[in-house]
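The values are calculated or read from the model by the stated rules, or taken from the named source; none is laboratory data. Since this is a predicted model, take the numbers as computed values, not measurements. Because the Cβ atoms are built from the backbone with ideal geometry, glycine has one as well, and the counts that use them run over all protein chains shown. Heavy atoms of the whole protein, side chains included, go into the accessibility calculation; ligands, DNA and RNA do not. Shrake-Rupley method; radii C 1.70, N 1.55, O 1.52, S 1.80 Å.
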Number of protein chains: 2
Amino acid sequence: MSRFEPVALEHASRLLNHGPTVLVTTAFAGQRNLMAAAWSMPVEFTPPRIAIVIDKSTLTKELINASGQFAIIIPSAEFATQTYAAGSISGRDGDKFDRLQLQAQQGSVLGLPVLEDACIAWMECRLIPESHTEKAYDTCFAEVVSAAADSRAFSGGHWHMDASNPATHTIHYLGAGLFMSLGGQITTQSPF
Amino acid sequence: MSRFEPVALEHASRLLNHGPTVLVTTAFAGQRNLMAAAWSMPVEFTPPRIAIVIDKSTLTKELINASGQFAIIIPSAEFATQTYAAGSISGRDGDKFDRLQLQAQQGSVLGLPVLEDACIAWMECRLIPESHTEKAYDTCFAEVVSAAADSRAFSGGHWHMDASNPATHTIHYLGAGLFMSLGGQITTQSPF
């Protein structure tokens, strides 16, 4: 049973605020794909907008160009091996969901393939075409139109990652197959 | 004694690969400033280029517009309180380095203020002017022209964050004064 619940759009950018490694899914004309992406960030809270680097030579970018949309999936620590595998093969060699034995669900607004098993959040995005930055920096801007999260990890607009749920912490890619998951909380107060 | 050593430019983007929260420093005509920034990412390895969101209303953006350059500082877990404080006050109300009692060093190429006490890496950047994305998304693109890191945390082009050095792990901002530091390593191998 999925523990996913909708995330209010004004909280969607918080899903990427702390720099997790993500997966990107796309679909167009009966073809779908999945890739890993270490480089993404929010650029605005309201409306919720994000930037993500997607190499212009990839099948994912080809499908985004055709459809104008994509989804971002946030994997948990339990999904690190599949995340790395998704980044190691090309969808041009066959459907990656099948090769990785992944069962996809459908996003609520765009119907894009999303993953709720061992992943902790997703958001569906509409590309905001910016041909110059897509060409010069492989950087795509997009607006989030729907989002949902595993309520154990994110609810009420906030992440809940503590010692009680290490398996549902986000992962952060250092390179060469090595991820780190988020560990301890540090609560701060400004002296001002 | 500083433990900082130069980072080869082809490895500089790896400093931001995993989404740490950073500080941004600027200086122009005798004025300097420091701000916290949760939203940044690499966009290219060679040449090393990054994107970072800097609100157009800030003193930092004003100084970047005037100078065409800025530095990115990566704080360690030990620097979380100062990072939050830097994000809670404005440089328009007085020099933040003085108010936070920070001793700045000088970057090696641009001479920008950098921090080596309780911070673990820095990079000096030249702005690549992109007026549209700066205006529409507060997103600045820049090329890294020098970088250095605490050799306990990053050397040979790789991060070294494990159970032996939790105080020098990077921090990742969740919002509302709450950071998390990186915790456990997850080593993966692709099945393909």
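Quick rundown of the values:
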read-out: Test: A:Glu44 is within 20 Å of B:Tyr173 (Cβ to Cβ), open to solvent by 30 Å² or more (accessible area, probe 1.4 Å) and among the charged types (D, E, K, R); value: yes
read-out: Any hit, the stretch A:24-36, residues being facing chain B (nearest Cβ under 10 Å), in contact (Cβ under 8 Å) with a residue 12 or more places away in the chain, at negative phi and among the hydrophobic types (A, V, I, L, M, F, W, C); value: no
read-out: Of all residues making up the stretch B:176-186, the number that are open to solvent by less than 20 Å² (accessible area, probe 1.4 Å) and either at positive phi or more than 19 Å from the chain's Cα centre (by Cα) (or both); value: 1
read-out: Residues that are in contact (Cβ under 8 Å) with a residue 60 or more places away in the chain and more than 16 Å from the chain's Cα centre (by Cα), drawn from the stretch B:97-118; value: B:Leu100
read-out: Residue that is surrounded by the fewest Cβ atoms within 10 Å (Cβ to Cβ), among those in the stretch B:144-165 that are in a strand (DSSP E or B) and either β-branched (Val, Ile, Thr) or away from every other protein chain (no Cβ under 11 Å) (or both); value: B:Ser155
read-out: Cross-chain or 6+ apart pairs with Cβ under 9 Å, the stretch B:39-50 first and more than 7 Å from chain A (Cβ to nearest Cβ), then open to solvent by 40 Å² or more (accessible area, probe 1.4 Å) and of a type in the set (A, V, I, L, M, F, W, C); value: B:Thr46/B:Leu9; B:Pro47/B:Leu9; B:Pro48/B:Leu9
read-out: Conditions (1) more than 9 Å from chain B (Cβ to nearest Cβ); (2) of a type outside the set (D, E, K, R); (3) on the phi < 0 side of the Ramachandran plot; (4) in contact with a helix residue (DSSP H, G or I) (Cβ under 7 Å, 6 or more places away or on another chain): number failed by A:Trp122; value: (4)
read-out: Single condition A:Asp93 does not satisfy, out of (1) more than 10 Å from chain B (Cβ to nearest Cβ); (2) over 23 Å from B:Val43 (Cα atoms); (3) not hydroxyl-bearing (Ser, Thr, Tyr); value: (1)
read-out: A:Pro6 vs. criteria away from chain B (no Cβ under 14 Å) and surrounded by fewer than 23 Cβ atoms within 10 Å (Cβ to Cβ); value: yes
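Let's see how each residue does on (1) among the basic types (Lys, Arg); (2) closer than 30 Å to A:Gly30 by Cβ; (3) surrounded by 21 or more Cβ atoms within 10 Å (Cβ to Cβ):
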site: A:Phe79; (1), (2), (3): no, yes, yes
site: A:Asp95; (1), (2), (3): no, yes, no
site: A:Leu112; (1), (2), (3): no, yes, yes
site: A:Glu134; (1), (2), (3): no, yes, no
site: A:Phe192; (1), (2), (3): no, no, no
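For every residue, the table says whether it meets (1) open to solvent by less than 60 Å² (accessible area, probe 1.4 Å); (2) out of contact with any strand residue (DSSP E or B) (no Cβ under 9 Å at 6 or more places or on another chain); (3) without any contact (Cβ under 8 Å) to a residue 12 or more places away in the chain; (4) within 30 Å of A:Ile54 (Cα to Cα).
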{"site": "B:Lys56", "(1), (2), (3), (4)": "no, yes, no, yes"}
{"site": "B:Thr60", "(1), (2), (3), (4)": "yes, no, no, yes"}
{"site": "B:Ile64", "(1), (2), (3), (4)": "yes, no, no, yes"}
{"site": "B:Ile73", "(1), (2), (3), (4)": "yes, no, no, yes"}
{"site": "B:Ala85", "(1), (2), (3), (4)": "yes, no, no, no"}
{"site": "B:Ile120", "(1), (2), (3), (4)": "yes, no, no, yes"}
{"site": "B:Met123", "(1), (2), (3), (4)": "yes, no, no, yes"}
{"site": "B:Leu127", "(1), (2), (3), (4)": "yes, no, no, yes"}
